[in-house]
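Colleague: Before anything else, here's the structure in question.
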Amino acid sequence: MVTARAGTSIMFAGHLSEFDPANADWSVFQKRLENYFTANAIEDDKLKAAILLKSLNEDGYKLIYNLCLPIIPENKKYSELTKIFSEHFKPNLSGFAARYEFYQSKKRLNESAKEWAARIRSLAATCYFETTELEMVLRDHFIVGYDRDPLQDRLLEEKKTITLSDAIEIAASKSATKPTDNTFIKKEPELHFYKSKTNRPKSKSQEGTPAAQQVNKCTVCGRKKIYFRTVFV
């Protein structure tokens, strides 16, 4: 327990930023607050409440003040203040709507395996999945969300006992060794084009008989190319 004598100041470890109700997540801030109390061995309820109220910006204090009426926040216990905020910031999103958003999510093109896993964990936070099924649901959607990616084919080869952490590790390692698109570019063979010389007028003796051989020169290498063509008139 942190105590202080009259005329002395208390030095706390770490820094706790202000809570802005318009931009911050209360559930995250509350966890940071609890960690702050633990790090500084703060157990006194009044001190906890005072630190909470001091950590609110002006809009945050106005909000807790209005929610506590007709009692002022300073006369509330720490547990009462956190309960009031938790009830106020409780998401209104239904479980089914949140689950729809969860199951519709797909891995983004430039999203890493670990980033994809973190995103579906965040989406699952408001889905109210049972604790016993959460790990399995996250693992399954992590794999299904790859949406016919070659890495998905690799993950689908795994046994059903694979864990989410194992799936993330496999996907991350395979992504690191994935060849670039240039590896699969097929080079077209080099082509030489031939230009035939202008044919001279045929003599009467050549009419009705196979044409004489023609000599052609490659426009690239300059070599002579000979081929035969049979013409009947």
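The numbers here are math on the coordinates, done by the rules we state, and not lab data. What you are looking at is a predicted structure, and each value in this text was computed from that prediction instead of being measured. We place every Cβ from the backbone using ideal geometry, glycine too, and count neighbours over all the protein chains shown.
Colleague: Name the long-range amide H neighbours of residue 158: under 5 Å, sequence gap of 5 or more, or other chain; modelled H, no Pro or chain starts.
Modeller: none
Colleague: Amide H of residue 56 versus every other amide H placed in the peptide plane: which residues, excluding those fewer than 5 positions away on the same chain, fall under 5 Å?
Modeller: Under 5 Å from the amide H of residue 56 lie the amide H atoms of 19, each far enough along the sequence or on another chain.
Colleague: Classify region 26-88 as rounded, prolate or oblate, taking a ≥ b ≥ c as the square roots of the eigenvalues of its Cα gyration tensor: rounded when a/c is under 1.5, otherwise prolate if a/b is larger than b/c and oblate if not.
Modeller: Prolate.
Colleague: Continuing with the same structure: Among 163, 131, 82, 38, which comes first, then next, by fewest other beta-carbon atoms within 10 Å? Intermediate values should be presented prior to the final figure.
Modeller: Working: 163 13, 131 6, 82 18, 38 10.
Fewest-to-most ranking of 163, 131, 82, 38: 131, 38, 163, 82.
Colleague: Something else about it: For Cα pairs less than 8 Å apart in space and 6+ apart in sequence, what is the mean separation divided by the residue count of region 95-184, i.e. the relative contact order in percent?
Modeller: Reported relative contact order: 32 percent.
Colleague: Taking θ as phi - 60°, what are the ³J(HN,Hα) couplings along region 41-48 by the Karplus curve (6.51, -1.76, 1.60), each to the nearest whole Hz, with x for Gly and Pro?
Modeller: 6, 8, 10, 5, 5, 5, 5, 4
Colleague: Which links in 31/76; 31/160; 107/159; 31/114; 76/114 stretch past 31 Å when you go from one Cα to the other?
Modeller: On the way: 31/76 20 Å; 31/160 34 Å; 107/159 22 Å; 31/114 23 Å; 76/114 42 Å.
Those over the limit are 31/160; 76/114.
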